[in-house]
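**Student:** Sharing a structure below in structure tokens format, with a few things to ask.
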Protein chains: 2
Amino acid sequence: MRIVILGADGYLGWPTALHFSARGHDVVAVDSLVRRRWDEECGTESLVPIASIHDRIARWEEVSGRNIAWHQLDLRDEVSTAALIAAVRPGAVVHFAEQRSAPYSMISPRHGIETQANNLLGTLSLFYAVRDHAPDCHIIKLGTMGEYGTPNIDIEEGFLDVEHNGRRDRMLYPKRPGSVYHLSKVHDSHNLEFACRIWGLRATDLNQGVVYGISTDETALHADLTTRFDYDGIWGTVLNRYCVQAAIGVPLSVFGKGGQTRGFLDIRDTVRCIELAALNPPAAGEYRVFNQFTEQFSVLELAERVGHARSVHGLETAIDHVPNPRREAEAHYYNAKHQHLLDLGLEPHSLSDTLIDSVIQTVEQHVGRVLRDTIEARVDWQRGGGLYRTEESARHLEVAASR
Amino acid sequence: MRIVILGADGYLGWPTALHFSARGHDVVAVDSLVRRRWDEECGTESLVPIASIHDRIARWEEVSGRNIAWHQLDLRDEVSTAALIAAVRPGAVVHFAEQRSAPYSMISPRHGIETQANNLLGTLSLFYAVRDHAPDCHIIKLGTMGEYGTPNIDIEEGFLDVEHNGRRDRMLYPKRPGSVYHLSKVHDSHNLEFACRIWGLRATDLNQGVVYGISTDETALHADLTTRFDYDGIWGTVLNRYCVQAAIGVPLSVFGKGGQTRGFLDIRDTVRCIELAALNPPAAGEYRVFNQFTEQFSVLELAERVGHARSVHGLETAIDHVPNPRREAEAHYYNAKHQHLLDLGLEPHSLSDTLIDSVIQTVEQHVGRVLRDTIEARVDWQRGGGLYRTEESARHLEVAASR
């Protein structure tokens with residue numbers, strides 16, 4: 001299959017590109033490289049050093065004997081996006097190329113507007129390019145479980161069968177997202193459902209949970225193939241942050257009561273889910289939604305899981321309940337379906353002490369690179385704020401730049 | 001009340017500004033004037049000549065003795081938008097300032113992206129300005145009944161009480177819009193509900209039906225106060241188009257079977273509905289939705305109503321079923337609630353032969369200005385296309401420019 005990976009320089013885009021390339025698919029990697037610039041702006045950095053996209057691709061060719069094509073492109077450049085799709089005529093595009101941090105979207109009006117502009121308009125530009133130049137192409141779009149929010153009823157996979165005043169309809173599941181970023185994904189979902197219904201495109205909308213872990217079969221093959229690892233208050237996901245806190249011996253910071261329950265999955269399941277979607281495309285005109293996660297946890301339960309994994313080695317882990325910078329329910333009903341990917345053959349990796357241990361070991365190897373001041377969440381959902389650019393990070397980034 | 005009218009140079013924004021000014025409110029009129037440039041681009045023009053915004057405001061002061069303040073502003077300029085809201089500190093803002101044509105949004109990828117960028121980002125910029133500089137201000141936002149699409153269940157006012165697997169929640173009504181423009185309004189609604197829920201803003205989302213008519217008490221006072229009248233295939237609404245076709249003696253063009261049923265209202269009810277919303281603001285943090293229309297008709301029924309009004313005068317009117325350029329159901333269930341504005345005191349103007357007669361009379365006064373080639377709908381929902389710029393319109397616009 002000829003497959004375009006958009007956002008191929010990112011945390012998940014890069015492992016996904018490798019996963020498809022390793023299986024013999026013809027991979028075209030595309031990225032604007034804006035993620036690395038956002039790090040500079042925020043004063044944040046991947047804990048694990050990551051190679052440049054050029055070095056990554058060269059190393060992959062050396063290690064695997066397989067070639068990945070590379071294009072630098074911002075999807076908002078609709079002319080170049082159309083030209084790329086027309087030239088490649090892919091069988092599938094996997095679209096990771098969005099600003100994907102809720103805190104980033106809440107820093108300031110400029111950051112919120114930038115997030116919705118980047119995500120919505122770039123993605124719309126992609127839909128037009130596919131419509132006009134590769135209408136049979138399967139669009140595999142990364143959404144988020146956060147689109148649903150925390151409704152008081154079961155979360156279904158994209159659609160809800162409604163009975164009302166004696167009549168029935170099957171409707172898009174109502175959304176109630178919790179950040180300007182999550183809103184952008186809700187908007188994308190509506191645009192994509194429209195593109196399938198009106199223009200006859202075929203698409204899979206993957207409402208992904210929170211990803212943890214750092215390593216896939218392919219990224220583990222060489223240090224230059226490693227993907228980024230974010231633990232800070234803007235880009236870090238919760239389990240990764242806890243693992244860093246455990247490794248450096250500070251309390252795990254749980255926002256508020258910690259009853260916030262979400263769907264989670266291992267990064268190895270992310271790449272497998274994308275593969276399963278690609279290998280089983282929908283019909284022309286079909287818009288389908290898969291909830292892409294494997295287990296539900298509250299953020300407090302996750303902290304306790306990390307504490308348990310440490311205690312096996314005789315280590316004590318403290319848990320701090322810190323003021324919640326977000327506006328969200330801290331105790332709520334949560335029951336989200338996630339059957340479709342299992343039906344296609346997903347064999348989930350459950351969260352294990354072993355996984356937690358291995359992440360913490362990775363952190364320990366790079367412990368000198370931890371920017372401690374960036375761990376604290378500083379973006380308040382009401383007042384914004386939150387760039388780091390501390391003296392520590394400035395010094396660190398200066399050293400990095402001089403290398 | 002100090003009230004900002006955004007989009008105050010438009011079909012409905014201008015009569016709304018006059019309506020509030022006439023009732024003694026302190027009105028600040030804001031517009032980017034892009035609507036007049038879009039006419040130039042499309043080769044379209046208001047049937048009735050309209051004065052410049054400066055002449056309109058000067059004439060209003062002369063006729064009424066009341067002053068309307070004027071600011072030219074594009075809401076996408078977030079710095080200037082914030083400065084305006086900070087300087088005026090309005091009690092309410094009425095937001096008409098969006099690209100409001102479904103066909104325009106379907107002309108090409110560029111037009112679709114422009115529509116979503118203009119509407120979504122300008123509106124988001126407004127929400128931030130209100131949050132940061134006038135948090136008690138009541139945002140009165142024009143949505144559209146088209147956000148709902150044509151579901152097989154009753155359409156409620158913004159929310160749906162859902163029972164599912166033995167549990168209940170009150171959720172945003174699921175949307176299934178029919179154009180890239182209608183999608184932009186769905187996105188706005190999600191952003192606005194979020195702004196109320198998370199930032200504590202107060203807002204009324206007015207899901208308006210299709211407006212007909214041309215005259216309000218205030219616009220009728222002087223020719224310079226007239227609002228625009230669009231009948232063409234891009235900007236025209238359906239009853240206005242039928243009236244032009246009847247006046248020039250060509251068949252009324254019904255898209256396909258004509259069973260497409262929508263909510264409609266008289267322009268005099270539009271300005272009254274906005275006033276009722278403004279006089280009865282929601283609580284801080286409340287997001288409420290009113291369905292703003294008064295009667296349901298299918299587009300074929302509307303054509304038959306025009307035919308009936310003409311037959312009273314002994315005139316025959318032919319109806320043509322033309323190929324439908326849109327992708328939409330041409331026979332469907334439609335039952336939309338519209339109780340909230342009635343509860344606030346709206347006394348609807350029903351569609352009458354008299355109203356149809358008066359619109360046709362207005363057309364007859366300006367019949368020499370009808371650009372016949374622009375009446376035909378040229379924007380195909382699949383293939384796009386559809387600017388006019390015919391020789392006739394080019395000649396006409398040239399003459400207009402030389403005046």
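**Student:** If the only charges are +1 at each Lys and Arg Cβ and -1 at each Asp and Glu Cβ, what is the size of the charge dipole of chain B around the Cα centre, to the nearest 20 debye?
**Tutor:** Numbers: 41 positive and 54 negative charges, 133 e Å.
Using only the charged Cβ atoms, the result is roughly 640 debye.
**Student:** Once the cut-off is 19 Å, how many percent of the Cα-Cα pairs in region B:1-63 end up in the long-distance tail?
**Tutor:** Numbers: 600 of 1953 pairs.
Tail fraction, whole percent: 31.
**Student:** Something else: Taking a label point 7 Å from Cα toward Cβ, how far is B:R383 from its twins in the other copies, in nm, shortest first?
**Tutor:** 5.9
**Student:** Right, something else. Is it possible to state the helix-based mean residue ellipticity at 222 nm for chain A, with each DSSP H run of 4+ residues giving -39500 (n - 2.57), the sum divided by total residues, to the nearest 500 deg cm²/dmol? What is it? Walk me through the numbers on the way to the answer.
**Tutor:** On the way: 14 runs with 152 residues, N = 403.
Result for chain A: -11500 deg cm²/dmol, rounded to the nearest 500.
**Student:** If you don't mind, another one. Using alpha carbons only, how many angstrom separate the centre of region B:24-41 from the centre of region B:45-88?
**Tutor:** 6 Å
**Student:** Tell me, what HN-Hα J-couplings in whole Hz come from the Karplus equation 6.51 cos²θ - 1.76 cosθ + 1.60 at θ = phi - 60° for each residue of region B:190-202, using x for Gly and Pro?
**Tutor:** These are the phi-based 3J(HN,Hα) values: 5, 4, 6, 4, 4, 4, 6, 5, 9, 9, x, 5, 10 Hz.
**Student:** For q = 0.15, 0.16, 0.20, 0.25 Å⁻¹, what log10 I(q)/I(0) does region A:260-341 give under the Debye formula with an equal point scatterer on each alpha carbon and no solvent?
**Tutor:** Listed by q, the Debye log ratios stand at -0.77, -0.83, -1.03, -1.20.
**Student:** Every other copy gets compared here: list the nm distances from the A:G65 label point (7 Å along Cα to Cβ) to its counterparts, shortest first, one decimal.
**Tutor:** 9.3
**Student:** While we're looking at this one, here's another question. Counting other Cβ atoms within 10 Å of each Cβ, which chymotrypsin sites (Phe, Trp or Tyr not before Pro) in region B:247-345 have at most 15 and sit in a DSSP loop?
**Tutor:** Details: sites: B:F255, B:F264, B:Y287, B:F290, B:F293, B:F297, B:Y333, B:Y334; in loops: B:F293, B:Y333, B:Y334.
Listed in order of number, the matching sites are B:Y333.
**Student:** Next up: What residue among B:V322, B:Y231, B:L121 has its Cα farthest toward the positive end of the dipole of chain B, where the charges are +1 on Lys, Arg and -1 on Asp, Glu, each on the Cβ?
**Tutor:** B:L121
**Student:** Read phi for every residue in region A:54-63 and hand back ³J(HN,Hα) as whole Hz from Karplus 6.51 cos²θ - 1.76 cosθ + 1.60, θ = phi - 60°, with x for Gly and Pro.
**Tutor:** So the Karplus estimates, Gly and Pro as x, are 5, 5, 4, 5, 5, 5, 4, 5, 5, 6 Hz.
**Student:** For a quick check: with amide H placed at 1.01 Å from N, whose amide H comes under 5 Å from B:G10's, ignoring anything fewer than 5 positions away on the same chain?
**Tutor:** none
**Student:** Next question, about the same structure. Using just the alpha carbons, could you tell me how many Å³ per residue the convex hull of region B:49-168 encloses?
**Tutor:** Working: hull volume 25.0 nm³, N = 120.
Hull volume normalised by residue count: 209 Å³.
**Student:** Where does each of B:52-63, B:128-139, B:16-27 land if you order them by average Cβ count within 10 Å, highest first? Numbers along the way, then the final one.
**Tutor:** Numbers: B:52-63: 16.3, B:128-139: 20.6, B:16-27: 22.5.
Put in order of decreasing packing, that is B:16-27, B:128-139, B:52-63.
**Student:** Please compute, for peptide A:190-202, the average count of beta-carbon atoms on other protein chains lying within 10 Å of each residue's beta-carbon.
**Tutor:** Details: counts 10, 8, 0, 4, 10, 2, 0, 4, 10, 3, 2, 0, 0.
Mean number of neighbouring Cβ atoms from other chains: 4.
**Student:** Label-to-label distances across copies for A:R197, with labels 7 Å out along Cα→Cβ, in nm, shortest first?
**Tutor:** 2.1
**Student:** So what's the net charge close to B:R326: Lys and Arg +1, Asp and Glu -1, counting the other residues with Cβ under 15 Å from its Cβ? Before the final figure, lay out each step's value.
**Tutor:** Numbers: positive: A:R197, B:R176, B:R241, B:K257, B:R262, B:R327, B:R378, B:R383; negative: B:E328, B:E330, B:E376, B:D380.
Overall, the nearby charge balance is +4.
**Student:** Let me ask something else about it. Can you list the HN-Hα couplings for region A:19-32, worked out from phi with the Karplus curve (6.51, -1.76, 1.60; θ = phi - 60°), rounded to whole Hz and with x for Gly and Pro?
**Tutor:** Working through the residues one at a time gives 4, 6, 4, 4, 8, x, 7, 8, 9, 10, 8, 10, 6, 8 Hz.
**Student:** Here is a follow-up. Do any of A:K141/B:K141; A:K175/B:K175; B:K185/B:K257; A:K185/B:K337 go past 19 Å between their Cα atoms, and which? Walk me through the numbers before you get to the answer.
**Tutor:** Numbers: A:K141/B:K141 30 Å; A:K175/B:K175 10 Å; B:K185/B:K257 27 Å; A:K185/B:K337 29 Å.
Flagged as over cut-off: A:K141/B:K141; B:K185/B:K257; A:K185/B:K337.
**Student:** How are the Cα pair distances of region A:137-199 distributed, in percent, across 10 Å bins from 0?
**Tutor:** 19, 47, 29, 5
**Student:** In addition: Amide H of B:V210 versus every other amide H placed in the peptide plane: which residues, excluding those fewer than 5 positions away on the same chain, fall under 5 Å?
**Tutor:** Here the answer is B:G263, B:F264, B:L265, since their amide H atoms fall under 5 Å of that of B:V210.
**Student:** What is the distance in Å between the Cα centroid of region A:279-302 and that of region B:174-225?
**Tutor:** 34 Å
**Student:** Here's a follow-up. What do you get for trypsin sites (Lys or Arg not before Pro) in region B:256-292 restricted to DSSP loop and a cutoff of at most 16 other Cβ within 10 Å of the site's Cβ? Don't skip to the answer; put the middle values down first.
**Tutor:** Values: sites: B:K257, B:R262, B:R268, B:R272, B:R288; in loops: B:K257.
The qualifying sites are B:K257.
**Student:** Okay, moving on. What is the local net charge at B:T237, summed over the other residues whose Cβ is closer than 13 Å to its Cβ (Lys, Arg +1; Asp, Glu -1)?
**Tutor:** Local net charge: +1.
**Student:** For chain B, modelled as a GNM with alpha-carbon contacts under 10 angstrom, which of B:Q292, B:Q116, B:Q382 fluctuates the most?
**Tutor:** B:Q382
Since every read-out is calculated from the coordinates, none of them should be taken as a lab result. Keep in mind that this is a model prediction, so the values were computed, not measured. As a convention, Cβ positions derive from the backbone with ideal geometry for all residues, glycine included, and neighbour counts pool all protein chains shown.
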